[in-house]
Each structure stands twice: as C-alpha cells, then as structure tokens.
2 protein chains.
Amino acid sequence: MKKFINSTETLLDESLSGFAKAHADIIQLNNQPHFIKRNSPTSPGKVAIISGGGSGHEPLHNGFVGIGMLDAACPGQIFTSPTPDQMLAAAQAVENGGGVLFIVKNYAGDVMNFEIAAEMLDCPNESLLVSDDVSFPKTHSTGRRGVAGTLILEKIVGAAAEQGADLAACKILGDRVNLVTASIGVALSSCTVPALGKPTFEIGDQEIEMGVGIHGERGRERIALSTATEIVDYLTNMIDDDLNPQQGQSALLHVNGFGATPLMELHLIYELASRHWEQRGVNICRSLVGNYTTSLDMAGCSITLSLLDDEMLRLWDAPVHTAALRWGC
Amino acid sequence: MKKFINSTETLLDESLSGFAKAHADIIQLNNQPHFIKRNSPTSPGKVAIISGGGSGHEPLHNGFVGIGMLDAACPGQIFTSPTPDQMLAAAQAVENGGGVLFIVKNYAGDVMNFEIAAEMLDCPNESLLVSDDVSFPKTHSTGRRGVAGTLILEKIVGAAAEQGADLAACKILGDRVNLVTASIGVALSSCTVPALGKPTFEIGDQEIEMGVGIHGERGRERIALSTATEIVDYLTNMIDDDLNPQQGQSALLHVNGFGATPLMELHLIYELASRHWEQRGVNICRSLVGNYTTSLDMAGCSITLSLLDDEMLRLWDAPVHTAALRWGC
C-alpha cells in the first residue's frame, strides 16, 4: 500500500487538522468528538442542516460546510459511520432555534447512528434519507444507497434553510429532490482502505465494475472494458429506466470522479452523457464535473441526473461558500 | 490501460467539448486551432494574459480562464506543447489594446513555440517564464521546470491585469512572483499516457520518486517509501534550501495533488508542511489544497511555498471567476 500517511491511527486526525487549517476562514474543527462547523453565524430560527458519514469520500461532507449548505458535518473513521455522540455534539453546537435536519446516506450504520442521535436530541428534528443509487432495483431489501446525489440535496436544502424555510419545508423539499435524482457509478479499479492495506476487490485488466458503490462495494455486474461511449450508454440508460426524464425537462448533470480518474476523462464522460440527454430533448441547464464524492483512490466515476424544477434551480444557484463549492458569495 | 476514452485520437476533442459545455457560463472553446477564451468582456487597454501547455494537467490551464486570471489558454495534445498557430489565434482573439503577456512553463517545446508565436504577433508582447521546480539546482543546463507554482503567477498577474496594470508592470510582477515561489513533487506511482498505453516509468511497491516532474519525468532520486512526516521533511527542506524563508514572512502554501491521491492525504500533507513552517516562524496566511496541476493519473503530490508581499497577497485575494478557482465574484 502506497499512501501519504504516518499511521492508520493518526491519519484522520492529521488530515482533519490540515483541512481545518487550510479552510480556517470558513469552518472550525471540533475534536473529541469530531465535527466540522461553519464559522459564519446563522439567523435565529434557521434550520441547522447536518450531515456526516464515513471519511474517505472527501470533499463530501466536510467540504460542504459553510454559508448556504451544511451547518455541520460529522466525519467517521474511513468508510465507517460517525457515532451518535458526534452527531449530538454537532447538533448542540449549531442548533439555533429552528430545529435540526440530518441528511443521511442510506447505509445501515449511518441510519442507525443518526436515529440514535435524533432520539437523544431535545429539539425538533427530522432526517432526510438519500437513496439516489439506481444500480439496485427500488425493491432492494435495504433500499438504495446514497451516493453522489447527496451533495445536490445538501446544496438545495442548505440554500432553502439559509433563506428561512422551516424544518417541515426543508424535509419536504429534500425528499422531493431525492425522488428526482438518480446516480450510477462505474469502477476501473478498486480503492485501498488504509487499515486493510490491500485493494478491496480484485479486478482484471480488461474488466470494469458497473454499479459500484462508493466504498468499493461490488456492483450490478462486471463487464469487459469497453469504449467510453458504450460505458456512458449503459449508465445513462440505467438512469433513464429509473427516472424517465421527459422532453423539455430541466436537469442538472453531475459527473463525479471517484478519486483517481483525471479531469480530462470526467469532461469526456460529461460530453457523452450530455449528448445522450440532449438528443432526447432534456435540457441540461446546470452542470458539475469533478471529484466531489470520492472513494479514496478508486479509478472510476458516476453520473447523476437531477430533474430540478424552477424552485430547485433557483436554490441550486443561490450563494454558497464552502471549501469545495463556492459561488455567488 | 484502463481509461474512459473512445480513442486516443478523439480524446482531446471530446474532453474539451465537455469542458466547454460544462462551463459555458465562463468560457468558450475555439476549434481549429484549439483555444479556450473567457466570455466576459475586458476593458479596452487591458493586458491579455495567455497561457497554455500540454494537456493532461487539468484544471491547469483551461480551468483558470475567466475574470481575474487568464484571458485564454491553449491546450496541446497530452504532454505536448501547443503549436504557435494556437497561441497566435488565441492572442488575436483576446488582445484588446494592452498587448499580450504569455505565461510559459519552462519546457523546451513550450518555450520555442511561444517564442515563434511572439515573433509572429504584431502587437506589444512579453513572455513570463515559470521555473519554480527546485528539484534541480539553479545551474541546471535548461533551467528549472515550471510546475504547480504556475497557477500562482497566473492568479496574481491575472488580477493585476484586470485592475489595469500595464504590460511592463505585469511582466515585472510575474518575474518577482516566480523568484519567490518554489515547488517540489513526489510520486508514488507513474502516470499512463494514453497514446503509450503503459506507465511512463516502473517503480517498486516500496519506492517513491522524489523531485518528479509533472509529465512523469524521473526526479532527483528514488528512495524507500517512508512516513508522511519523513517525506514532508525532505520536500520542505529542499524548498527551505532554495527559498530561505525568514521568520515573520507571509506565505501561501499550496499542496497540489497529481491526480490520483485522495484529498484526505493532501490535507495531511498540508498539516505537516504548515507545521514545519509555523515552527520556523513563517506566517502561512494563504492556502490552496487540491488537484490543480495534475499528471493524468499519477499518485503523488507537490508542495509549493510562495513568499508573497502585501501587494501580491492583495492580488491573490482579488476576485476570480474561473472553472477551477472562484472567489469574490
């Protein structure tokens, strides 16, 4: 395993400390327990938007803390849910009279720990479950996983909260965005979890994993390495089967790198995916291309289509000032 | 070779087309010859700032075209200099009465082609040579290479031009920033150039390449894989030997990923490097951490220290609106 680390025990602490120093204008780090909170004060009555999850997906979620997005984020150990005491401490630090909305990717550990935190919390609160990964059918026993679409919910709900939407409105809006957001990923390589020290899965030189998860979970199927056009056809058709976008609908197209795929290739994937939907009359009017929801050093990418209505587009465009997304501020 | 491509012949075109679509609010792509130019109009008499180089280093330089930074960028084929006709066409498209400043990384092909373009150009022009890589001694026969410090010159000189500095002032300022900027990189893996189809160099599981170039050129020396602290000590000491930062000096610390190294590790490197200089009394007052000057899919990073005076800090902070750097706009 070749990584820039001192030890697997100190990796998270040293990395969070560097993140906090590099972005001291936007966020603060709390230790024992770990959470990141925004510096900028909020208006009394603003809903506190909090997310979190295992580390290794940076900039998700720490990089999305700041004005117009998250009030706090709770980083767990690598690919491991944060603990309820982190969530509780974060909530107590940023709650400002408007209650707390937890944004939770649909994984058993995260769901359980956020539920425990919610029960312990003595203020109004709601949880928003993100389940945008269409690689499994809707009927899958544990539901669908939350992947790269998560940041779209965080951005849109975060903007609504910043503009004064109340807890119930934020919850309803987030559920609506989740319903119109579909993602699917493809891996060219496995990631290597530091504590494990070897690739999570083996994959041949001529194979790719379709529908892979963001922790290197096996996906829908393994197919032969093919052209970018064939790969994008596969992914976009999976999204179409699920989301069924209509001619004339407006959409945000997000191409997300898993960590080790060059921006050149992500822009090529964006080109092919945008052609696919433009040919079907879908109006790709917003875009986001880059490494936003990563899987450590995995090579690969995901495509997310989000069918945003006018209100959602306005909230997507609203000012945001975080380490990883910044506009209008 | 596992990459998202259709063919090595169409990779650049398809990728540039995707980049232009994803950032149509900021830039435009010209084909035949290729260049990217900013959408936003400039004031008459503004110096046109133009850079360019081989592709494969994205977001450098295309991602830095926009308000407050570059007026145009010329992307060559992968790791190959753009041609003089690209530079000439870009200059003719964006020149607005203030002359042209070419920002050129110090590589033989780039230097030669920008010189040819400069000779063909019928307006006042200057060239700024970037040579921030301290892995070779100052006396090296072809001079030092331009690496991750390039974007710092582009940002500061771009801001000066936007604020009305004339051609001579931009040239003097850029040369001054170059003199106070030092970078050095380390590779954990080679990159793979698509047309070659295999890694540029072989490297053992327990070896790292110190002083590596951004095209996978061999560096100063190959050493045994060591801890992050030992690696950062090596790199920061190399920079200290060259730049000799003094107690109380203000500095920008830039940790740049080469493409395949997770943000977690880059923030860890930032933490260790900032500790090194803080212990020596250097005032790390600006930071930039992420994948900005990449080498396709190479795992590794570089550290850049730039000793900025008050004027340079003010220009670094000035508004910028590009695909990859955005603040204050």
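Could you grab me the full set of residues in region B:1-34 that are within 23 Å of B:Ala195 (Cα to Cα), among the aliphatic types (A, V, I, L, M) and in contact with a helix residue (DSSP H, G or I) (Cβ under 7 Å, 6 or more places away or on another chain)?
Our first condition is that a residue be within 23 Å of B:Ala195 (Cα to Cα); within region B:1-34, this holds for B:1-19, B:31-34.
Filter once more, keeping what is among the aliphatic types (A, V, I, L, M): B:1, B:5, B:11-12, B:16.
Residues satisfying the conditions are B:Ile5, B:Leu11.
Within region B:1-13, the set of residues being of a type in the set (D, E, K, R) and within 13 Å of B:Pro75 (Cα to Cα) comprises B:Asp13 only. Against the test of being in a loop (DSSP other than H, G, I, E, B) and either more than 13 Å from chain A (Cβ to nearest Cβ) or among the polar types (S, T, N, Q) (or both), the options B:Gly158, B:Gly204, B:Gly219, B:Gly174 yield a single qualifying residue, B:Gly219. In region B:254-265 there is no residue that is of a type outside the set (A, V, I, L, M), at pLDDT 95 or above and farther than 20 Å from A:Ala22 by Cβ. Name the single residue that is nearest to the chain's Cα centre (by Cα) among those in region B:282-325 being under 29 Å from B:Pro199 (Cα atoms) and of a type in the set (Val, Ile, Thr). This residue is B:Thr293.
Which residue is nearest to A:Phe79 (Cα to Cα), if the candidates are limited to region A:205-238 and must be at pLDDT 95 or above and small (Gly, Ala, Ser)? Applying the filter and picking the extreme gives A:Gly211.
Restricting A:Ala24, A:Ala73, A:Ala48 to residues that are in contact with a Ser or Thr (Cβ under 9 Å, 6 or more places away or on another chain), more than 9 Å from chain B (Cβ to nearest Cβ) and without any contact (Cβ under 8 Å) to a residue 40 or more places away in the chain narrows the list to A:Ala73. Name the residue that is surrounded by the most Cβ atoms within 10 Å (Cβ to Cβ), counting only residues in region A:219-238 that are under 21 Å from the mean Cα position of the chain (by Cα) and either over 23 Å from A:Leu296 (Cβ atoms) or not assigned by TED's automatic domain parsing to the domain that holds A:Thr200 (or both). Only one residue tops the list, namely A:Val232. For region B:83-104, the condition holds for no residue, the condition being that it is part of a loop (DSSP other than H, G, I, E, B) and within 13 Å of the chain's Cα centre (by Cα). Being of a type in the set (Phe, Trp, Tyr) and either touching a helix residue (DSSP H, G or I) at 6+ places or on another chain (Cβ under 9 Å) or within 9 Å of another protein chain (Cβ to nearest Cβ) (or both) is a description that does not apply to A:Tyr234. Residues that are within 29 Å of B:Met238 (Cα to Cα) and among the aliphatic types (A, V, I, L, M) within region B:115-162 comprise B:Leu128, B:Leu129, B:Val130, B:Val134, B:Val147, B:Ala148, B:Leu151, B:Ile152, B:Leu153, B:Ile156, B:Val157, listed in sequence order. Taken residue by residue, region A:308-323 has no member that is in contact with a Pro (Cβ under 9 Å, 6 or more places away or on another chain), within 21 Å of B:Gly18 (Cα to Cα) and modelled with pLDDT of 95 or more.
Among the conditions (1) under 19 Å from the mean Cα position of the chain (by Cα); (2) within 21 Å of B:Lys37 (Cα to Cα), B:Arg145 misses just one, which is (2). In the set B:Leu263, B:Leu243, B:Leu305, B:Leu315, only one residue is of a type outside the set (Ser, Thr, Tyr) and within 8 Å of chain A (Cβ to nearest Cβ); that residue is B:Leu263.
Quick check on region A:270-280. Is at least one of its residues surrounded by fewer than 20 Cβ atoms within 10 Å (Cβ to Cβ), over 20 Å from B:Phe19 (Cα atoms) and assigned by TED's automatic domain parsing to the domain that holds A:Thr192? Checked against the condition, which is being surrounded by fewer than 20 Cβ atoms within 10 Å (Cβ to Cβ), over 20 Å from B:Phe19 (Cα atoms) and assigned by TED's automatic domain parsing to the domain that holds A:Thr192, region A:270-280 yields at least one hit. From the list A:Ile152, A:Ile203, A:Ile172, the lone residue that is touching a residue at least 24 places away in the same chain (Cβ under 8 Å) and β-branched (Val, Ile, Thr) is A:Ile152. Does B:Asp241 fit the bill of being modelled with pLDDT of 95 or more, loosely packed, with under 14 Cβ neighbours inside 10 Å and among the charged types (D, E, K, R)? Yes, satisfied. Residue count for region A:9-21, restricted to those that are at the interface with chain B (Cβ under 7 Å from one of its Cβ atoms), farther than 11 Å from A:Ile36 by Cβ and not acidic (Asp, Glu): 5. For region B:177-200, how many residues meet the condition of being assigned to a loop (DSSP other than H, G, I, E, B) and either without any contact (Cβ under 8 Å) to a residue 40 or more places away in the chain or under 26 Å from A:Ile5 (Cβ atoms) (or both)? Going through region B:177-200 one residue at a time, the tally reaches 6.
Checked against the criterion of being of a type outside the set (Lys, Arg), touching a residue at least 60 places away in the same chain (Cβ under 8 Å), out of contact with any strand residue (DSSP E or B) (no Cβ under 6 Å at 6 or more places or on another chain) and more than 25 Å from A:Gly143 (Cα to Cα), the candidates A:Gly18, A:Gly97, A:Gly63 yield just one match: A:Gly63.
In region A:284-294, the qualifying residues are those that are facing another protein chain (nearest Cβ under 9 Å) and either within 20 Å of A:Gly204 (Cα to Cα) or not hydrophobic (A, V, I, L, M, F, W, C) (or both), and the one that is surrounded by the fewest Cβ atoms within 10 Å (Cβ to Cβ) is A:Ser287.
Listed here are the strands (runs of 3 or more DSSP E) enclosed by region A:1-81 that have at least 2 residues being within 19 Å of the chain's Cα centre (by Cα) and either buried (at least 24 other Cβ atoms within 10 Å of the Cβ) or of a type in the set (Ser, Thr, Tyr) (or both): A:35-38, A:48-55, A:72-78. B:Thr83 falls short on exactly one of the conditions (1) more than 19 Å from B:Asp166 (Cα to Cα); (2) touching a His at 6+ places or on another chain (Cβ under 6 Å), and that condition is (2). Checked against the criterion of being among the charged types (D, E, K, R), touching a helix residue (DSSP H, G or I) at 6+ places or on another chain (Cβ under 8 Å) and assigned by TED's automatic domain parsing to the domain that holds B:Ala159, region B:45-52 has at least one qualifying residue.
The set of residues in region B:105-150 that are basic (Lys, Arg) and assigned to a helix (DSSP H, G or I) is empty.
The values are calculated or read from the model by the stated rules, or taken from the named source; none is laboratory data. Keep in mind it's a predicted model, so treat the numbers as computed, not measured. Reconstructed Cβ throughout: ideal geometry from the backbone, glycine too, with neighbour counts over all protein chains shown.
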